[in-house]
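The values are calculated or read from the model by the stated rules, or taken from the named source; none is laboratory data. These numbers were taken from a predicted model, which means no experiment stands behind them. Glycine gets a Cβ as well: all are built from the backbone with ideal geometry, and neighbour counts include every protein chain shown. Accessible surface areas use protein heavy atoms only, side chains included; no ligands, DNA or RNA. Shrake-Rupley method; radii C 1.70, N 1.55, O 1.52, S 1.80 Å.
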Amino acid sequence: MSANPIHVSRRTFLGGLVIAIALPACKPGAKPAGENKIIESNAWLRIGTDDSITFLCDKSEMGQGVYTALPMLIAEELGVNLDRIKVEFAPAGDPYVNNLLGTQITGGSTSVRDGWEKLRTAGATARQLLVAAAAEQWGIDARSCSVENGVVVSPHRKKLRFGEVAEAAAKLPVPKEVALKPAHEFTLIGKSQRRKDTPSKVDGSCVYGIDVKLPGMLYAALAQSPVLKGTVKRFSGDKAQAMPGVVAVVQTSSGIAVVADSWWRARKARDVLEIEWDAGPNAALDDAKIAAILRKGAAGEGRVARHDGDAAAAIKGAARVVRADYELPLLAHATLEPQNCTADVRDDGVDLYVPTQVQQIAQGVAAKAAGVDAAKVKVHTTFLGGGFGRRLEVDFIPAAVEVSKAVRKPVKLLWTREDDMTHDAYRPPAFDQVAGAFDAKGNLVAWNLHLTGPSITARMFPSVTEKMVDPFAVEAASNYPYDVPNVHVDFKQQEIGIDVGYWRSVSHALNCFVAESFMDELAVSQKKSPLDFRMALLEKQPRFRQVLKLVARESRYGYPPKGCHHGLAVMEGYGTVMAMVVEIFLEGGKVQVRRTWCAVDCGQQINPDTVVAQVESSINFGLSALLWGEINIANGRVRQTNFHDYRVVRMSEAARIDTYVVGSDGPPGGIGEPATALVAPAVCNAIYEATGRRIRSLPLSRHKLA
Amino acid sequence: MTKLSVNGKSMDVDVDPETPLLWVLRDTLGLTGTKFGCGMALCGACTVHLNGQPVRSCQTPISAVGDQPVTTIEGLSADHSHPVQQAWIELDVPQCGYCQSGQIMSATALLTEKPRPTDADIDAAMAGNICRCGTYQRIRAAIRRAAEIQSKA
Ligand code: FES
Ligand code: FES
């Protein structure tokens, strides 16, 4: 048990108990959160004298289920039914910093892992205080009392509701340590609960960023440079200004905005803006140039991510060396809700209503755009119509603030789908060189992976890459699980002139494709079955063996129905180990993914039904990318504009998915992303089985296979 | 002034006649349950019923609506009691939820037309609705479940 990070507010909220969590002591510049400093705005949990229980959810709900899983952690320890807890999204603030990532951020499949101790401790502390307050009132030993759904109960069945003792509880000293329940006592955690947000998502009442409406609000459409990173040379808004409903034409830091009394009118008037663009440095950028930049950039050693033994020497002295190059394209996120932000800039401060994964970064850029202190900006997080990493970017925020500041009214700025598709921070492309070496007896003695691509982290969190290799470029590579004496992984950062961004499962999706496709290449070179070849190298990896065995059994791996073919892949990511088998057939030369089996060891599950849902979601996300996903650049412009040329999986194309979760009470692993990464290698391994063709670049549509 | 009948209520709206129904619903009438995803009849997020038929409201100018009744997700039931809503809740279909109004409106139209849809019927009726969160397997199961609930009602 570690020191309790929980603090209790002396200031009562409507006369109640407010639980706050202290900042991690190691955070530089963070002041210790003295009790008297805790105010409502950094609360985590409020228990009102009216018996209301409110959890301030520090993570954004983008489909992954935090709106349910996180209050489950609180409810488990607090001793209330889940439906008693009301969820509100937390404001921006240091108390809500994600301890695993160092800023307030919903990403990296960290939500449950970050909250696992923190939120259970918050719940347990509140419970202990409430029980102590009740026991004091009764004049009995607190240890003799119990809690039943928000009511403290004495040994003689006397009862006090939480609301009745909340005020007294707030005056008690915070327990130095609280005991958390052992796993076998869980009543909620690990048992599927209905999502708390489902009812509002089947009746249209759920409020996303695009749905925000403020009194007197105006609407804005934005014209951005068609060439990525181009700028406005000169423009005239006269014609637009003359269009019905148009209130203003405003030059912003990201283009020209038309402000009108309805979005449709703003959007129509945008068509008649006269803008001359300065195309800037990317005027001549295209796919071939990007590929050439990466190939050229691959020369020489990158920053080392893993170095066991001496792979170079082992390869030199090997009996047989297998080598291959792999290439991956740019990808768009294409969240179904296009990017948007509503800003209300007033003299007394700024309110920002935004579907974001990064409240503090949003607050920072909004403050800068408004020319005020960050403390003056209130961030209201809405529900997110998909995140997938797109909303870790804040590129759509400053223009909304600038426009609101210019017209002195609240303004909702909304991108079209075309704006969204052509102005993403795309998933980085990659050029990767991989080699495996066998000794004379056929033992795999070396594995070398040399990755080349642009670094997302170098742009977004440069302080990280100043010190080390970009950790989000070498996932599913630096943790190569196979027992090989000489392993070398390095990442050569090579920028390409346009911004790249974190995309669901980040570099896992890139590197797992290379590593797991190549494992099959190595197996084939030794005439071994892909499963046996892997198992033999995983003697020391019981979690990998377990999921591989499970998925092989459930899928009857190696015995596909007539005309079908199997492929498999296995990976560790976000603390979760998973294995996947796919069953494909070819119809008119096109790959049809008939079935997918996924075996998952994600440690302790919180809401098991959400675990399954996230696996299903990730697989379809990976499948879209595998089949058709690519962003092409020509003359510095993105060629894809909407869902007709950036195809995503539809009903008839979606995979049938069977998910098997192994029981485990190990620490929770992430689940929102990893399955995305296994789809491409598993399917490409099946394609090899079916056709003898080894696919080393994506998407399959490039190979006429989709 | 254009006369409209939305969710059983008649109303007058003062908008440019070429304005898509989607934006009248969302921004003029405040019925934001109907979503904007593509603006090109490619994603189905904006699906509503016009005269009981599913249409993409982003491609339906208000001038083409006339006096035909419009039903949106808000008009399906007051209390989640529509069989499709019940099934959606039972199976926890939505993830981010952004596509689900459109999915539900397409599904309800399908079940009115074909109370016992086959897989092929489902594929065809739902082909215009993208779910970027990939909830298709649950949507399919929920349509089957809704058919069951509906047949017992
Ligand atoms: S918004 Fe109408 S179909 Fe996409
Ligand atoms: S639930 Fe997110 S797009 Fe369908």
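Results, tabulated for the structure shown:
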read-out: All positions within segment B:132-149 that are within 16 Å of ligand 2 (Cβ to nearest atom) and open to solvent by 10 Å² or more (accessible area, probe 1.4 Å); value: B:R132, B:Q137, B:R138, B:R140, B:A141
read-out: Of the criteria (1) in a helix (DSSP H, G or I); (2) more than 15 Å from ligand 1 (Cβ to nearest atom), which one B:D92 fails; value: (1)
read-out: From B:I130, B:I143, residue being at the interface with chain A (Cβ under 9 Å from one of its Cβ atoms) and either in contact (Cβ under 8 Å) with a residue 24 or more places away in the chain or within 16 Å of ligand 1 (Cβ to nearest atom) (or both); value: B:I130
read-out: Helices (runs of 4 or more DSSP H) wholly inside segment A:220-304 containing at least 2 residues that are surrounded by 15 or more Cβ atoms within 10 Å (Cβ to Cβ) and within 14 Å of another protein chain (Cβ to nearest Cβ); value: A:263-270
read-out: Conditions (1) open to solvent by 60 Å² or more (accessible area, probe 1.4 Å); (2) at the interface with chain A (Cβ under 7 Å from one of its Cβ atoms): number failed by B:Q59; value: (2)
read-out: Top-ranked residue in segment B:27-55 [being in a strand (DSSP E or B) and away from ligand 2 (no atom under 16 Å from the Cβ); ranked as nearest to the other protein chains (Cβ to nearest Cβ)]; value: B:V48
read-out: Single unsatisfied condition, A:I695 versus (1) open to solvent by less than 10 Å² (accessible area, probe 1.4 Å); (2) not in a loop (DSSP other than H, G, I, E, B); value: (2)
read-out: Condition met for B:A107 (within 16 Å of ligand 2 (Cβ to nearest atom), closer than 18 Å to B:C43 by Cβ and more than 10 Å from chain A (Cβ to nearest Cβ)); value: yes
read-out: Residues that are among the polar types (S, T, N, Q) and within 23 Å of A:V365 (Cα to Cα), drawn from segment A:240-283; value: A:Q251, A:T252, A:S253, A:S254
read-out: Top-ranked residue of segment A:628-671 - restricted to ones that are open to solvent by less than 10 Å² (accessible area, probe 1.4 Å) and outside any loop (DSSP other than H, G, I, E, B), ranked as nearest to the other protein chains (Cβ to nearest Cβ); value: A:M651
read-out: Answer residue from segment B:111-124, given it is in a helix (DSSP H, G or I) and free of Cβ contacts under 8 Å to residues at least 40 places away in the same chain and is farthest from the other protein chains (Cβ to nearest Cβ) among those; value: B:E113
read-out: Answer residue from segment B:40-70, given it is hydroxyl-bearing (S, T, Y) and within 16 Å of ligand 1 (Cβ to nearest atom) and is nearest to A:G386 (Cα to Cα) among those; value: B:T47
read-out: Test: residue in segment B:19-26 that is under 10 Å from the mean Cα position of the chain (by Cα), open to solvent by less than 50 Å² (accessible area, probe 1.4 Å) and more than 10 Å from chain A (Cβ to nearest Cβ); value: no
read-out: Residues satisfying the stated conditions in segment B:94-130, i.e. under 15 Å from A:V648 (Cβ atoms) and open to solvent by 10 Å² or more (accessible area, probe 1.4 Å); value: B:A127, B:G128
read-out: Within segment B:59-88, tally of residues that are free of Cβ contacts under 8 Å to residues at least 24 places away in the same chain and within 16 Å of ligand 2 (Cβ to nearest atom); value: 1
read-out: Residue within segment A:86-106 that is basic (K, R), within 20 Å of A:L45 (Cα to Cα), in the same structural domain as A:Q193 (by TED's automatic domain parsing) and buried (at least 17 other Cβ atoms within 10 Å of the Cβ) present; value: no
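Condition check ((1) within 14 Å of chain B (Cβ to nearest Cβ); (2) out of contact with any Cys (no Cβ under 9 Å at 6 or more places or on another chain); (3) within 30 Å of A:Q193 (Cβ to Cβ)) across all residues:
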| site | (1), (2), (3) |
| --- | --- |
| A:R534 | no, yes, no |
| A:M580 | no, no, yes |
| A:V591 | no, yes, no |
| A:A599 | no, yes, yes |
| A:I606 | no, yes, yes |
| A:S617 | yes, no, yes |
